[in-house]
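*Asks:* Questions regarding the structure given below will be posed in turn.
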Amino acid sequence: MALLEIKDLHASVDGQEILKGVNLTVNAGEVHSIMGPNGSGKSTLSAVLARRATYEVTGGSVLLNGKDLLAMEPEEAACEGVFLAFQYPVEIPGIGNAYFLRSAMNAIRKHHGQDELDAMDFLPLYKERMKLLEIDEKFMSRSVNEGFSGGEKKRNEILQLAMLEPKLAILDETDSGLDIDALRIVSRGVNAMRGPDRAFLVITHYQRLLDYIKPDFVHVLVDGKIARSGGPELAIELEKTGYGSAEAEALQAQHA
Amino acid sequence: MSSTVDTIRDLARQDYKWGFVTEVDEDRVPKGLNEDIVRLISARKGEPEWMLEWRLNALRHWFQMAREQGEPKWANVKFPPVDYQDIVYYSAPKKKPTIESLDQVDPEIVKTYEKLGIPLEERKRLAGVAVDAVFDSVSVATTFKDKLAEMGVIFCSFSEAVKNHPGLVKKYLGSVVPHTDNFYAALNAAVFTDGSFVYVPKGVRCPMELSTYFRINAAETGQFERTLIVADEGSHVSYLEGCTAPIRDTNQLHAAVVELIALDNAQIKYSTVQNWYPGDKEGRGGIYNFVTKRGKCAGRNSKISWTQVETGSAITWKYPSCILQGDGSVGEFYSVALTNNRQQADTGTKMIHIGKNTRSTIVSKGISAGHGQNTYRGQVKILKGATNARNYTQCDSLLIGDKCGAHTFPYIDVRNSTAKMEHEASTSKIGEDQLFYLRQRGLKAEDAVSMIVNGFCKTVFKELPMEFAVEAQKLLGVSLEGSVG
């Protein structure tokens, strides 16, 4: 059984159709990259998979480990193993990073009938993962994302990913706004989390990120549909030719 | 911030859990308000003549106010007129307990405190908190008295203070909140039934937090308690006040007066967690909490700090204030006020700068959910002689849903050009993006709201004594029940 099975997915925002029939199958252990021009529906796809209410699903189906993902609330999807690394992580003033993350971990553990982690179990793990992402320990007691630089916010997203150990990790333009050092650190974090039980959907506009996180498959999303799929070489080709050729093909396909 | 999300979640599922009624024989006077009732209250309490005269004087003034202008109308709250002749002004447990031993307290009352989570037996053993418990109108038990007495600290019911320390009471009673101050202060001065009295002598640092739990039990009885705290030169005291009331259908009036006096270099910290019954979802029942609290920094370099967490009551009308008379004195006000369902709150503070180099800080966090209406009303006044006075005000409002309201009325009156004033204000809504972010990490919607609200209130909670901070967080969780989707 595939980890994620998307069939003919249609979705709208404010009555405007953005996804117009997406088909995609992702198996555990695979890294898929979704590329495409601005406005093609990349972020909409990630939001729908994370069950954001402002995105209305108008057709199709999505199965996560055989379960109907579209019937789940955001927290259920999270507990079932969907993690979204946000393009624009949100600030939560007055709530410390460690407290927030431990609460999230325990909510997920509870969902699976596991015992809660106390601070003594949690902290060593947290510190170890912080080291991986080159994050200062002072960061633990700071409020979630409050006053963080763009790079710090992204590293915090990957730190949460590393702690929550999801089955399906969606990175929504994680590379945007990162300098080359931050990109290297973030990628190292992601690569450390790759494994046979986990799949990644890496959404990006640029090929650059894929130099660090090598995908198994590359898909090009154009006007709400996957226009082309291929191996890592597709990303390199797109970097040279731009999205124009893929768009032209999609256009041709529509008229054929 | 140590309480877990799960505690809040469990609590959020509960209805108002303090809604039980204790069956005890009560000694009640007839309904209504007149000189005879005041004489009766005074007689029941065995008060001296001067105390009775003081009450009657206040009563006459109240009648005049009632005739001429009635209740204050300026607050941003709406409620039908209160029939002051339809209220029982005195209700005391009949088996009047003595205060030396808990064994003599009516077991029903002790049980009530146990349900409230403040078993006196346990408190007695736990070092650190002395409780003067007010059950309806009479103080039933005072603990830790001996230990405090050794240090010269007086902590007793108001009635005892009138009997045993008349000099101190005469000197300070009404010196900060005179009976002419306002309608409810006049009413309280006439009919107050009990309360707490604290005197901390020169140079003494009170070794424990002093605590009072108030509880309104009998139906249709107003509770009019009066608290007077005097901190003599160089002394320190921290006082905690917690309130709960059982569910009642008709509205009940609570008109308390609190007076604080800090002499040279003295410090008073006064913390309140108020959780009176807020009424049901349609706004039926609930407490009218019309309270006058004021502190006077009479001495040089004295300090008075108010911290309040107001989650209960149908209507809250309350402005804990500081008169900064002594040079170099400091006033602080930290407040969280939450209104859910049909609750209304009009609350804030007054900082009156009289002395030189006086400083004040105001941090107010208002949270509105459901159909709640939350008003911050604050006055900062710098008088002519208050050279180099400083004030910092931060006033934030958080809205949950689209049927509630937040209102802010800051009054600033500066008459000395050396004053430095800062005022920051913000209004925000719990954003869909914040909620989604927390839910995407696995937290349930209600837990996500609790977490955001607790974060919003953090700067106030850190001013509370530890034990109260945890309770306050739990209360917010309970009070926000049903405020999301």
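The values are calculated or read from the model by the stated rules, or taken from the named source; none is laboratory data. Keep in mind it's a predicted model, so treat the numbers as computed, not measured. As a convention, Cβ positions derive from the backbone with ideal geometry for all residues, glycine included, and neighbour counts pool all protein chains shown. Note: accessible area is taken over every heavy atom of the protein model, side chains too, but ligands, DNA and RNA are not part of it. Shrake-Rupley method; radii C 1.70, N 1.55, O 1.52, S 1.80 Å.
*Asks:* List the pairs whose first member sits in segment A:46-62 and is touching a residue at least 60 places away in the same chain (Cβ under 8 Å), whose second member is of a type in the set (Asp, Glu) and outside any loop (DSSP other than H, G, I, E, B), and whose Cβ atoms are under 6 Å apart, counting only residues at least 6 apart or on separate chains?
*Replies:* A:SER46/A:ASP172
*Asks:* Sort out for me the strands (runs of 3 or more DSSP E) sitting completely within segment B:261-351 that have 2 or more residues that are touching a Cys at 6+ places or on another chain (Cβ under 8 Å) and on the phi < 0 side of the Ramachandran plot. Spell out the reasoning first.
*Replies:* Working: elements: B:267-275, B:287-297, B:303-310, B:315-318, B:321-324, B:330-339.
Strands (runs of 3 or more DSSP E) meeting the threshold: B:267-275, B:287-297, B:303-310, B:321-324, B:330-339.
*Asks:* Going through segment B:449-481 one residue at a time, which ones are farther than 17 Å from A:SER103 by Cα, of a type in the set (Val, Ile, Thr), open to solvent by 20 Å² or more (accessible area, probe 1.4 Å) and within 14 Å of chain A (Cβ to nearest Cβ)?
*Replies:* Hit for segment B:449-481 is B:THR459, nothing else.
*Asks:* Quick one: which residue in A:SER33, A:SER40 is part of a strand (DSSP E or B) and either away from chain B (no Cβ under 13 Å) or among the basic types (Lys, Arg) (or both)?
*Replies:* Numbers: A:SER40 fails: part of a strand (DSSP E or B).
Going through A:SER33, A:SER40 in turn, just one is part of a strand (DSSP E or B) and either away from chain B (no Cβ under 13 Å) or among the basic types (Lys, Arg) (or both): A:SER33.
*Asks:* Considering segment A:59-85 alone, what residues qualify as being small (Gly, Ala, Ser), within 11 Å of chain B (Cβ to nearest Cβ) and touching a Lys or Arg at 6+ places or on another chain (Cβ under 7 Å)? Spell out the reasoning first.
*Replies:* Step one: of segment A:59-85, the residues small (Gly, Ala, Ser) are A:59-61, A:66, A:71, A:77-78, A:81, A:85.
Remaining after also requiring within 11 Å of chain B (Cβ to nearest Cβ): A:77-78, A:81, A:85.
The answer is A:ALA77, A:ALA78, A:GLY81.
*Asks:* Also: Could you please give the count of residues in segment A:116-145 that are among the hydrophobic types (A, V, I, L, M, F, W, C), under 15 Å from A:ALA104 (Cα atoms) and without any contact (Cβ under 8 Å) to a residue 24 or more places away in the chain?
*Replies:* Here the count works out to 2.
Per-residue answers, yes or no, for (1) buried (at least 20 other Cβ atoms within 10 Å of the Cβ); (2) over 25 Å from B:LYS458 (Cα atoms); (3) not aromatic (Phe, Trp, Tyr):
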{"position": "A:LEU84", "(1), (2), (3)": "yes, yes, yes"}
{"position": "A:GLU91", "(1), (2), (3)": "no, no, yes"}
{"position": "A:ILE95", "(1), (2), (3)": "yes, no, yes"}
{"position": "A:SER176", "(1), (2), (3)": "no, yes, yes"}
{"position": "A:ARG188", "(1), (2), (3)": "no, yes, yes"}
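*Asks:* Residues that are at pLDDT below 90: find the helices (runs of 4 or more DSSP H) completely inside segment B:400-470 holding 3 or more of those.
*Replies:* Details: elements: B:432-440, B:445-456, B:458-461.
Once the helices (runs of 4 or more DSSP H) in segment B:400-470 are filtered for at least 3 residues that are at pLDDT below 90, what remains is B:445-456, B:458-461.
For (1) within 23 Å of B:ASP232 (Cβ to Cβ); (2) modelled with pLDDT under 90; (3) over 22 Å from the mean Cα position of the chain (by Cα), each residue gets a yes or a no:
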residue: B:ASP132; (1), (2), (3): yes, yes, no
residue: B:ALA141; (1), (2), (3): no, yes, no
residue: B:LEU168; (1), (2), (3): yes, no, yes
residue: B:VAL176; (1), (2), (3): yes, no, no
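Let's see how each residue does on (1) of a type outside the set (Phe, Trp, Tyr); (2) away from chain A (no Cβ under 12 Å); (3) open to solvent by 50 Å² or more (accessible area, probe 1.4 Å):
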{"position": "B:CYS404", "(1), (2), (3)": "yes, yes, no"}
{"position": "B:PHE409", "(1), (2), (3)": "no, yes, yes"}
{"position": "B:ILE412", "(1), (2), (3)": "yes, yes, yes"}
{"position": "B:THR418", "(1), (2), (3)": "yes, yes, yes"}
{"position": "B:ASP433", "(1), (2), (3)": "yes, no, yes"}
{"position": "B:TYR437", "(1), (2), (3)": "no, no, no"}
{"position": "B:GLN440", "(1), (2), (3)": "yes, no, no"}
{"position": "B:GLU446", "(1), (2), (3)": "yes, no, yes"}
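*Asks:* Sticking with this structure for a sec: Against the definition (over 18 Å from A:GLU17 (Cα atoms), out of contact with any Cys (no Cβ under 8 Å at 6 or more places or on another chain) and within 11 Å of another protein chain (Cβ to nearest Cβ)), how does A:SER103 come out, yes or no? Spell out how you get there, then give the answer.
*Replies:* Working: over 18 Å from A:GLU17 (Cα atoms): yes; out of contact with any Cys (no Cβ under 8 Å at 6 or more places or on another chain): yes; within 11 Å of another protein chain (Cβ to nearest Cβ): yes.
Spelling it out, A:SER103 is indeed over 18 Å from A:GLU17 (Cα atoms), out of contact with any Cys (no Cβ under 8 Å at 6 or more places or on another chain) and within 11 Å of another protein chain (Cβ to nearest Cβ).
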